[in-house]
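Bear in mind that the values in this text are calculations on the coordinates, not laboratory data. Because the structure is predicted, anything quoted here is derived from the model rather than measured. Cβ atoms come from the backbone with ideal geometry, glycine included; neighbour counts cover every protein chain shown.
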Amino acid sequence: MRKTYKIAVLAGDGIGPEVTDESVKILKVIGEAFQYNFQFDYGVMGAEAIYETGNPLPDKTLELCRNSDAVLFGAIGDPAFDNNPDAKVRPEQGLLKLRKELGLFANIRPIKTYASLIKKSPLKREIVEGTDIQIYRELISGIYFGEKFTEENGEYAYDLCKYSREEIVGIAHLAFQDAQKRRKKLTLIDKANVLDTSRLWRKIVKEIAPQYPDVELDFMFVDNAAMQMILNPKQFDVILTENMFGDIISDEASVIGGSIGLLPSASIGEDSGLFEPIHGSYPQAKGKGIANPIASILSAAMLLDYLELTQAADKLRKSVEHAIESKYVTIDLNAEQHYSTSEVGDFIADYIKFSERSYYNFENIQLGKSTIV
Ligand SMILES: NC(=O)C1=CN([C@@H]2O[C@H](COP(=O)(O)OP(=O)(O)OC[C@H]3O[C@@H](n4cnc5c(N)ncnc54)[C@H](O)[C@@H]3O)[C@@H](O)[C@H]2O)C=CC1
Ligand SMILES: CC(C)CC(=O)C(=O)O
Ligand SMILES: [Mg+2]
């Protein structure tokens, strides 16, 4: 009997449900085309879960994730909380707790460019073309998880940044190993001229480096890295960094490819994997059908890789490339001629459907409308 892959789907808030719907639609098509059984089970999370249960990560949702083979996550966050600094229960707490509970210590964020989108980048063609970076962001420690305090009078607050050896070693090995498979360069981004935690990162990463003699290791302060990312992104191969620096640097890096709506990620733990776009809930776009679903769809491709369904993952990535090269994109990538979130999803789904059936003549298929001429 065929294995059933249990996928927990947490669509979340804002555009989360819209972009996640497209990924689920496509995974269903992949299931049919490649004869995989996927079972999708939905859980609530974020603001949606606070409104429903008072808790941004209900126990039921956490249990669902624990009992699944992988988690497909959309985004959380809502202006009602963003604009209320006094709110004690917040959507983001749900995401941080989920990452911690599942032990998702490594967040992998690939940054690449597409030929037909180069002109969409605000940077010059010669700077952008050929950029291919893999960011390894530590995900369950650092300042986002340290002790927090706000004095009752609201006049004093702190957030502690803490790291331990164990929290650095695992992700460092993953980053070195990936660098070995790529262009063999690893850059640790830190602020070791100021922060003790950054000096700990440098010390430990330097200790590990001799195990990977074929990888060139270098170091860059985060302020300089923010500049270098825009001046010369091609100098980077694999980037390793702590939680907050990785969060910021990767949003900055999204500018290179033309839109944050393109960037997926995989959050990996010892025995769990969660797959999520790098963007947030983009509440201004909620319900308008304008959000780019590709970040979520490419996160689904990373999910397939994680389940070792590599052929399907490659097919999905090629289908996304085909949509982009065919200019079948949302408004963030083409203001003049654009398609809705679900039209882009349909185009990719149809391409997979029809290209897996060799008897159709490709040239004559009008993709996106499911019609064969
Ligand atoms: N992983 C998560 O769930 C994250 C949640 N958030 C939450 O999301 C909410 C909004 O935060 P923002 O700082 O505005 O970040 P955001 O990533 O939601 O949006 C920033 C800008 O990026 C662009 N954008 C984002 N997603 C896009 C898509 N799929 N297609 C096209 N353009 C897209 C839009 O121009 C948008 O104005 C907040 O509540 C925040 O806490 C923020 C980041 C990550
Ligand atoms: C709740 C935030 C830490 C989410 C975020 O910005 C991210 O993971 O990229
Ligand atoms: Mg972020």
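The table for this structure:
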item	result
For the stretch 122-257: relative contact order, % (alpha-carbon pairs under 8 angstrom, 6 or more apart)	38 percent
Anchor Lys120: lysines whose Cα lies under 19 Å away (excluding residues fewer than 8 positions away in-chain)	Lys112, Lys234, Lys327
Rg to Rh quotient for the stretch 1-114, alpha carbon positions, Kirkwood Rh	1.02
Share, in percent, of DSSP beta bridges within the chain that are antiparallel, nearest 5	40 percent
Contact order relative to length of the chain, as percent, for alpha carbon pairs under 8 angstrom and 6 or more apart	21 percent
Under 5 Å, built H, 5+ apart or other chain: amide partners of Leu263	Ile278, Ala295
Largest-first principal axis extents of the Cα set of the chain (Å)	64, 50, 48
The stretch 122-257: mean projected area of Cα convex hull, nm²	9.3 nm²
Distance from the stretch 98-125 to the stretch 25-77 (C-alpha centre basis), Å	22 Å
Relative packing of 140-151, 313-324, which averages over residues the other C-beta atoms within 10 Å, highest first	313-324, 140-151
Max mean-square fluctuation residue, GNM over the chain, Cα-Cα springs under 10 Å, options Ser326, Ser355, Ser198	Ser326
Over the chain: helical MRE at 222 nm, DSSP H runs n ≥ 4 each giving -39500 (n - 2.57), nearest 500	-12500 deg cm²/dmol
Fluctuation leader among Leu160, Leu57, Leu96 - the chain, Gaussian network, Cα springs under 10 angstrom	Leu160
